[in-house]
Amino acid sequence: MRVAMIGTGYVGLVSGTCFADFGHIVTCIDKDASKIDALNNGQIPIYEPGLQDLVAKNVEENRLFFTTDPAQAIKEADAVFIAVGTPTRRGDGHADLSYVYAAAEEIAGLVDGFTVVVTKSTVPVGTGDEVEAIIQRTRPDADVAVVSNPEFLREGAAINDFKRPDRVVVGTENDQAVEVMQELYRPLYLNETPIIVTKRRTSELIKYAANAFLAVKITFINEIADLCEKVGANVQEVSRGIGLDNRIGSKFLHAGPGYGGSCFPKDTLALSKIAADAGSDLKIVDSVIEVNSDRKKKMAQKVIDFMGGDVQGKTVALLGLAFKPNTDDMREAPSIDIVQKLQEAGALIRAYDPAGMEEASRMMSDVLFCDGPYHAIENADVAVIVTEWDQFRALDLDRVKTLLKAPKIVDLRNIYKADYMSSRGFEYTSVGRSY
């Protein structure tokens, strides 16, 4: 089948490339000429393991194309995906749908014959109705079916998530559109992937509900971690004890400095606004938003307290800046709040991240970005593990001890054991563990 993918951001590029790898002919479209030129020259604008090789393979095999001109690709497409950004709108917290609606208007003027128009972007409930209305107003004779098909990609594991998903959600009541979507995802039949067909508004809500629920799990275990520190318990053992209950599950029960990234902060806020507009309170989600925001600042205070309540003139080495490993995404990363609060307290910051430093440099000032973890640690008063990159899990602790002014480590991801670190001569603290 022929697919046009509008938007070459994270979702559009990963989805388009994976559809091409399924055997479809995919053209990815973006108005940013420099980005398209870079993609045509094999340069990938995001850090995602395996993506560069997969793009190169499908370009070489003439299944994946990049262009700024949408006309031919949309005209020939069986399905046109809208995968543009829906950032939080300034001032009111709602999702900004201007890019989605502009794409719908552009699509309307270019489609030829029956075409499925798919919203892949995360959009509030009812957006598909407005996309359909825009197309009908712009081109009354257009033969289109507007479908919701939310993405559930984890940064750092997106290719596997697309090719081996837990489920595919399709929101439409148009039988012909269902057939097109089933054909697009036909390679997943081998994995017996459930394809859930719902009404469009239900599909749109599924995405928000899923992300909000995961954010709730993260925030819940972070609050339990605080309780563990007060009562002398171990949050990792609590997590394991409740996670083995198959009604709960073990994923997203890892205590840390709070959630960040491009999805959870934006989507929980948007869901809260959707509910408020509909006159339906989501008190749990509202609390999660507030608690998570406070959580990031509390992690900086944890460092300050560990240093005796004063970091004025002290050098703090941060290991990890991106909101999670295997990505360069700095959006809403806990490190941003941690750095700001530490600097306000007078600390000097040295930092290293394997992928996120270029993005971090646009968001942080007066930070010395280092060449590696040991460079960051050198002559620092304390090392703080912020992101659980694999290379931080097996640091040469003897070397670390000689490089630090004093053997002090704050582990915000619990990647080391307290008794082991104590046996190696470190002053060590972590999250939610009293032993």
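The values are calculated or read from the model by the stated rules, or taken from the named source; none is laboratory data. Note that the structure is predicted; figures quoted are calculated from it, not measured. Here the Cβ is made from the backbone with ideal geometry for all residues, glycine too, and neighbour counts use every protein chain on show.
Any chance the stretch 405-418 includes a residue that's within 27 Å of V235 (Cα to Cα), at pLDDT below 95 and in a helix (DSSP H, G or I)? For the stretch 405-418, residues within 27 Å of V235 (Cα to Cα), at pLDDT below 95 and in a helix (DSSP H, G or I): present.
Evaluate the stretch 243-254: report whether one residue or more is touching a Ser or Thr at 6+ places or on another chain (Cβ under 9 Å) and touching a residue at least 24 places away in the same chain (Cβ under 8 Å). So far as the stretch 243-254 goes, yes, one or more of its residues are touching a Ser or Thr at 6+ places or on another chain (Cβ under 9 Å) and touching a residue at least 24 places away in the same chain (Cβ under 8 Å).
Return yes or no: is E155 surrounded by fewer than 19 Cβ atoms within 10 Å (Cβ to Cβ) and either more than 25 Å from the chain's Cα centre (by Cα) or under 30 Å from T429 (Cα atoms) (or both)? Criteria not met by E155. Scanning the stretch 393-410 for any residue that is within 19 Å of A300 (Cα to Cα) and in contact with a Lys or Arg (Cβ under 8 Å, 6 or more places away or on another chain) turns up at least one such residue.
Can you pull out every residue in the stretch 61-78 that is free of Cβ contacts under 8 Å to residues at least 60 places away in the same chain, of a type in the set (D, E, K, R) and either closer than 15 Å to V111 by Cβ or buried (at least 22 other Cβ atoms within 10 Å of the Cβ) (or both)? Let's see the steps before the verdict.
Step one: of the stretch 61-78, the residues free of Cβ contacts under 8 Å to residues at least 60 places away in the same chain are 61-69, 71-72, 75.
The next check asks that each one be of a type in the set (D, E, K, R); those that pass are 61, 63, 69, 75.
Of everything in the stretch 61-78, just one residue is free of Cβ contacts under 8 Å to residues at least 60 places away in the same chain, of a type in the set (D, E, K, R) and either closer than 15 Å to V111 by Cβ or buried (at least 22 other Cβ atoms within 10 Å of the Cβ) (or both), namely K75.
For the stretch 280-288, does any single residue satisfy the condition of being under 30 Å from D353 (Cα atoms) and either without any contact (Cβ under 8 Å) to a residue 40 or more places away in the chain or in contact with a Ser or Thr (Cβ under 9 Å, 6 or more places away or on another chain) (or both)? Let's see the steps before the verdict.
First pass over the stretch 280-288, keeping only residues under 30 Å from D353 (Cα atoms): 288.
Filter once more, so that each one left must be either without any contact (Cβ under 8 Å) to a residue 40 or more places away in the chain or in contact with a Ser or Thr (Cβ under 9 Å, 6 or more places away or on another chain) (or both): 288.
For the stretch 280-288, residues under 30 Å from D353 (Cα atoms) and either without any contact (Cβ under 8 Å) to a residue 40 or more places away in the chain or in contact with a Ser or Thr (Cβ under 9 Å, 6 or more places away or on another chain) (or both): present.
As a summary of the residue check, P150 satisfies the conditions (1) farther than 29 Å from D286 by Cα; (2) buried (at least 21 other Cβ atoms within 10 Å of the Cβ) except for the one numbered (1). Looking only at residues of the stretch 327-382 that are of a type in the set (D, E, K, R) and closer than 24 Å to D310 by Cα, we find that the one that is nearest to the chain's Cα centre (by Cα) is D337.
Just the residues that are within 18 Å of K163 (Cβ to Cβ) and either touching a Leu at 6+ places or on another chain (Cβ under 7 Å) or not assigned by TED's automatic domain parsing to the domain that holds L153 (or both), please, taken from the stretch 52-78. V55, N58, listed by residue number.
Looking at the structure I just gave you, is Y428 at pLDDT 95 or above, closer than 23 Å to D310 by Cβ and either surrounded by 14 or more Cβ atoms within 10 Å (Cβ to Cβ) or more than 28 Å from the chain's Cα centre (by Cα) (or both)?
yes
Are any residues in the stretch 88-109 modelled with pLDDT under 90, touching a strand residue (DSSP E or B) at 6+ places or on another chain (Cβ under 9 Å) and either part of a loop (DSSP other than H, G, I, E, B) or not assigned by TED's automatic domain parsing to the domain that holds I134 (or both), and if so, which ones? Those that are modelled with pLDDT under 90, touching a strand residue (DSSP E or B) at 6+ places or on another chain (Cβ under 9 Å) and either part of a loop (DSSP other than H, G, I, E, B) or not assigned by TED's automatic domain parsing to the domain that holds I134 (or both): R89, H94. Within the bounds of the stretch 162-177, is there any residue that is within 18 Å of the chain's Cα centre (by Cα) and touching a residue at least 60 places away in the same chain (Cβ under 8 Å)? Scanning the stretch 162-177 turns up at least one residue that is within 18 Å of the chain's Cα centre (by Cα) and touching a residue at least 60 places away in the same chain (Cβ under 8 Å). For the stretch 241-263, filtering for residues that are at pLDDT 95 or above and either polar (S, T, N, Q) or in a helix (DSSP H, G or I) (or both) leaves 5.
Restricting to the stretch 1-27, and then to whatever is over 21 Å from the mean Cα position of the chain (by Cα) and assigned to a strand (DSSP E or B), can you tell me which residue is surrounded by the fewest Cβ atoms within 10 Å (Cβ to Cβ)? Steps first, please.
First pass over the stretch 1-27, keeping only residues over 21 Å from the mean Cα position of the chain (by Cα): 1-4, 20-27.
Keeping just the survivors that are assigned to a strand (DSSP E or B) gives 2-4, 25-27.
Details: R2: 16, V3: 26, A4: 30, I25: 19, V26: 27, T27: 24.
Once the filter is applied, the top-ranked residue is R2.
At least 3 residues being under 22 Å from A108 (Cα atoms) is the threshold, and among the strands (runs of 3 or more DSSP E) wholly inside the stretch 140-240 those reaching it are 144-148.
Taken as a whole, the structure places G261 among residues that are crowded, with 18+ Cβ neighbours inside 10 Å and in contact (Cβ under 8 Å) with a residue 12 or more places away in the chain. Every condition in (1) modelled with pLDDT of 95 or more; (2) crowded, with 22+ Cβ neighbours inside 10 Å is met by A270 except one, and the failing one is (1).
Just to be sure I understand, how many residues within the stretch 376-397 are in a helix (DSSP H, G or I) and either under 13 Å from G320 (Cα atoms) or without any contact (Cβ under 8 Å) to a residue 24 or more places away in the chain (or both)? Counting residues in the stretch 376-397 that are in a helix (DSSP H, G or I) and either under 13 Å from G320 (Cα atoms) or without any contact (Cβ under 8 Å) to a residue 24 or more places away in the chain (or both) gives 5. Within the set D366, D353, the sole residue that is free of Cβ contacts under 8 Å to residues at least 40 places away in the same chain, on the phi > 0 side of the Ramachandran plot and in the same structural domain as I304 (by TED's automatic domain parsing) turns out to be D366.
Filter the stretch 196-217 down to the residues that are within 10 Å of V170 (Cα to Cα), buried (at least 17 other Cβ atoms within 10 Å of the Cβ) and among the aliphatic types (A, V, I, L, M) and list them by number. Break it down stepwise before answering.
Step one: filter the stretch 196-217 for residues within 10 Å of V170 (Cα to Cα), giving 196-200, 202-204.
From what is left, the residues that are buried (at least 17 other Cβ atoms within 10 Å of the Cβ) are 197, 200, 203-204.
Once the filter is applied, which keeps residues that are within 10 Å of V170 (Cα to Cα), buried (at least 17 other Cβ atoms within 10 Å of the Cβ) and among the aliphatic types (A, V, I, L, M), the stretch 196-217 yields only V197.
Out of the residues in the stretch 332-360 that are among the aliphatic types (A, V, I, L, M) and in a helix (DSSP H, G or I), state the one that is surrounded by the most Cβ atoms within 10 Å (Cβ to Cβ). Out of the qualifying residues, it is I338.
If only one of D286, D226, D281, D294 is modelled with pLDDT under 95 and more than 17 Å from the chain's Cα centre (by Cα), which one is it?
On the way: D286 fails: modelled with pLDDT under 95; D226 fails: modelled with pLDDT under 95; D294 fails: modelled with pLDDT under 95.
Testing whether each residue is modelled with pLDDT under 95 and more than 17 Å from the chain's Cα centre (by Cα) leaves just D281.
Residues in the stretch 188-209 that are charged (D, E, K, R) and farther than 27 Å from T268 by Cα: 1 in all.
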